[in-house]
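Encoded as structure tokens, the structure appears first; notes follow it.
The values are calculated or read from the model by the stated rules, or taken from the named source; none is laboratory data. These numbers come from a predicted model, not from an experiment. In this analysis, Cβ positions are derived from the backbone assuming ideal geometry, glycine residues included, and neighbour counts consider all displayed protein chains. Accessible surface areas use protein heavy atoms only, side chains included; no ligands, DNA or RNA. Shrake-Rupley method; radii C 1.70, N 1.55, O 1.52, S 1.80 Å.
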Amino acid sequence: MGLIRLRIKEFAEERGWTLKEVADRSDVNYKTIVSYVRRDRMAMIDYTAVLKIARAFEIPIEDLVEVLEE
């Protein structure tokens, strides 16, 4: 199983959004957003939450997800 990193913080900073704004705009729980930002690698994610976050940024999900290891 590969490890990934979500580029939430990068996209939020580009837009001048706080993590709270990301949560509000994506309708994803703030604690979930923070947990994804704090972890630099993860094996398991909630695909629905990640899709909502990508839609809030108006980017393809592939741009949000960075594959670290396969």
Residues of region 1-38 classified as over 14 Å from Val67 (Cα atoms) and either basic (Lys, Arg) or open to solvent by 30 Å² or more (accessible area, probe 1.4 Å) (or both), total
21
Checking Ala12 against (1) without any contact (Cβ under 8 Å) to a residue 60 or more places away in the chain; (2) in contact with an Asp or Glu (Cβ under 6 Å, 6 or more places away or on another chain); (3) among the small types (Gly, Ala, Ser), the condition it does not meet:
(2)
Counting only residues in region 42-63 that are within 10 Å of Phe11 (Cβ to Cβ) and small (Gly, Ala, Ser), the one most open to solvent (accessible area, probe 1.4 Å) is identified as Ala56
